[in-house]
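Here's the structure we're looking at; comments come further down.
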Amino acid sequence: MIDIQGVSKGYQRKTALKNATMKLKQGKIVGLLGPNGSGKTTLLRILVSELRADSGSVSIDGKKLSPALKANISGLTTSDFMPDGMTIQGAADTYESFFNDFDMERFHQLLKEVDLSPDMKISSLSKGMKSKYALALAISRKAKLIVLDEPLDGVDPVAREEILRLISSGFSQDSTLLVTSHLINELERLLDEVYFIRDGEIRYIGDVETIRAEKKMSLDELYREVYRR
Amino acid sequence: MFKFVDGIPIYLQIVKEIKGSMISGKLKGGDKLPSVREIAEQYQVNPNTVQRVFMELDKQSLTYSERGIGTFVKMEPGLLEDLKNEEAAKVIQNFIEEIQKLGYSKNDMLKALDNAWLKRGEQHD
């Protein structure tokens, strides 16, 4: 279980994240949904240790997140992190040298599923292809927590479908997946549990199937209802 | 991409699809169902959701599982009829509710149904 307790973060005059609290259970796909600029990426960057929180804590299975435990979290907050001249295979080799839990065989299998080949140059990939390759890298690690930031953003409908399929087939129930998106409708079918976020404030909404059964509405409708003035 | 209806749990919608395949004969007694992962991929849903589908099918005695081998369609005599009748009852219930909203009596309804049935027959001939 990943326990995020009272995490806050501000940039100069703006508060990006206010007292964020989440409990992420193993084997679940959890959505963090909200508009652009609501604080989603700030939280993910804190989780992958790209940013330091002003206050609060993150723990994994009861142990506070430390440099040693950082290796349990896999995530790409941006897909442009490898030099453009590299091939997909080159990027995967680099990744493998950094992370012991990287599964090259699985990565190749996932690549095949989305029609990418290891010898393609990263600079030649379209936005959708980049998103697919980055996703395949992230979920090929046997990490406790995998975070995906806006995997559907700026991607055409066909690639979107492939990405959803890749997540549903590639997800291992030994880990927890935290996915952010402002495209609520598209992601809904993949989620076990959902949190909403607006203006840096995170709200726990619940189990998605239960919401569908009890509220008889989609998450998109629910989001609009929750934030209706 | 398969379109789910809002406001109904996804696992129940997949259960309905699988039942539909049993009714139409696409799935027969003894057939092996695809794996959790394959179904998850097919509908682009969460593997946990598919596990709920399997539990529900098992609860309704429509399938049985063999450890390590897979899940199979259990087609007991009469089950196909039961499934058909169950689906038909839902369709009819729905129809009656809607037609009553339009102010039709039972006789009006039967007459309209008869006409529509005849017309359809002509078109198909």
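The values are calculated or read from the model by the stated rules, or taken from the named source; none is laboratory data. In this text the structure is predicted, and so the values were computed from the model without any measurement. Neighbour counts are summed over all protein chains in view; Cβ atoms, including those assigned to glycine, are modelled from backbone coordinates with ideal geometry. In case anyone asks, the SASA skips ligands and DNA or RNA and just uses the protein heavy atoms, side chains included. Shrake-Rupley method; radii C 1.70, N 1.55, O 1.52, S 1.80 Å.
Evaluate peptide A:166-178: per residue, the Cβ atoms of other protein chains within 10 Å of its Cβ; return the mean as an integer.
Values: counts 2, 5, 12, 7, 3, 5, 1, 5, 0, 0, 0, 1, 0.
Shielding by partners across A:166-178 averages 3.
Where is the GNM fluctuation largest for chain A (alpha-carbon springs, 10 angstrom cutoff): A:Ser57, A:Ser140, A:Ser131?
Evaluated over chain A, the most mobile residue of the options is A:Ser57.
Over chain B, give the accessible area per residue in Å² for a 1.4 Å probe, as an integer.
Details: 8420 Å² over 125 residues.
So chain B comes to 67 Å² accessible per residue, rounded to a whole number.
Assuming R0 = 51 Å, can you tell me the calculated FRET efficiency for the pair A:Met104 and A:Asp54, based on Cβ-Cβ distance, to the nearest 0.05? Intermediate values should be presented prior to the final figure.
Values: r = 38 Å, r/R0 = 0.75.
Using R0 = 51 Å, I get an efficiency of 0.85.
B:Lys119 to B:Asn94: FRET efficiency via 1/(1 + (r/R0)^6), r the Cβ-Cβ distance, R0 25 Å, to the nearest 0.05?
Details: r = 21 Å, r/R0 = 0.84.
Efficiency for this residue pair is about 0.75.
Can you give me the C-alpha center-to-center distance between region A:112-153 and region B:51-125, rounded to a whole angstrom?
Taking the Cα centre of each part, region A:112-153 and region B:51-125 sit 43 Å apart.
Anyone know which of A:Met104, A:Met22, A:Met217 comes out most mobile in the 10 Å Cα GNM of chain A?
Taking springs between Cα atoms under 10 Å, the residue moving most is A:Met217.
Hey, any idea what the orientation-averaged projected area of the convex hull of region A:105-216's Cα atoms comes to, in nm²? It would help to have the intermediate numbers written out before the result.
Numbers: hull surface 32.8 nm².
Dividing the Cα hull surface by four gives the mean projection, 8.2 nm².
Can you tell me which aspartates and glutamates have their Cα less than 14 Å from the Cα of A:Lys63? Leave out same-chain residues fewer than eight positions away.
Within the straight-line cut-off, A:Lys63 pairs with A:Asp3.
Once you've got the GNM for chain A with C-alpha springs shorter than 10 Å, pick whichever of A:Asp199, A:Asp101, A:Asp119 has the biggest mean-square fluctuation.
Sorting by GNM fluctuation, first place goes to A:Asp119.
Need the list of lysines near A:Lys121 for cross-linking: C-alpha distance under 21 angstrom, and skip anything on the same chain fewer than eight residues off.
Once the sequence-local lysines are set aside, what remains near A:Lys121 is A:Lys112, A:Lys130, A:Lys132.
I'd like the Karplus ³J(HN,Hα) series for region B:75-86: coefficients 6.51, -1.76, 1.60, θ = phi - 60°, whole numbers in Hz, and an x wherever there's a Gly or Pro.
Rounded to whole hertz, the list is 10, 7, x, x, 5, 4, 4, 4, 4, 4, 4, 4.
Shielding of A:209-221 by partners, i.e. mean partner chain Cβ atoms within 10 Å per residue? Kindly include the intermediate steps, with their values, before the conclusion.
On the way: counts 9, 1, 2, 10, 5, 2, 2, 3, 2, 4, 1, 1, 2.
So the per-residue partner count for this stretch is 3.
So what's Rg/Rh here for region A:1-93, counting alpha carbon atoms and using the Kirkwood radius for Rh?
Details: Rg = 14.9 Å, Rh = 14.8 Å.
Here Rg/Rh amounts to 1.01.
With the cut-off at 18 Å, tell me which of the pairs A:Lys25/A:Lys64; A:Lys28/B:Lys59; B:Lys90/B:Lys111 have Cα atoms farther apart than that.
Values: A:Lys25/A:Lys64 16 Å; A:Lys28/B:Lys59 23 Å; B:Lys90/B:Lys111 21 Å.
Table pairs above 18 Å Cα-Cα are A:Lys28/B:Lys59; B:Lys90/B:Lys111.
Based solely on its DSSP helices, what 222 nm [θ] is calculated for chain A when runs of n ≥ 4 H residues each add -39,500 (n - 2.57) and the sum is averaged over all residues, nearest 500 deg cm²/dmol?
Working: 9 runs with 80 residues, N = 229.
-10000 deg cm²/dmol, from helical runs alone.
What fraction, in whole percent, of alpha-carbon pairs in the protein assembly as shown exceed 37 Å separation? Walk me through the numbers before you get to the answer.
Working: 19429 of 62481 pairs.
Taking all Cα-Cα pairs of the protein assembly as shown, the fraction more than 37 Å apart is 31 percent.
In whole Å, largest first, what are the principal axis extents of the Cα atoms in chain B?
So the extents along the principal axes, rounded to whole Å, are 56, 34, 28.
Given a Förster distance of 41 angstrom, what is the FRET efficiency for A:Tyr204 paired with B:Tyr64, based on the Cβ-Cβ distance and rounded to 0.05? Working shown, then result.
Working: r = 38 Å, r/R0 = 0.92.
FRET efficiency, A:Tyr204 to B:Tyr64: 0.65.
Under 17 Å between alpha carbons, and skipping anything fewer than 8 positions from A:Lys9 in its own chain: which aspartates and glutamates qualify?
The qualifying aspartates and glutamates are A:Glu50, A:Asp54, A:Asp199, A:Glu201.
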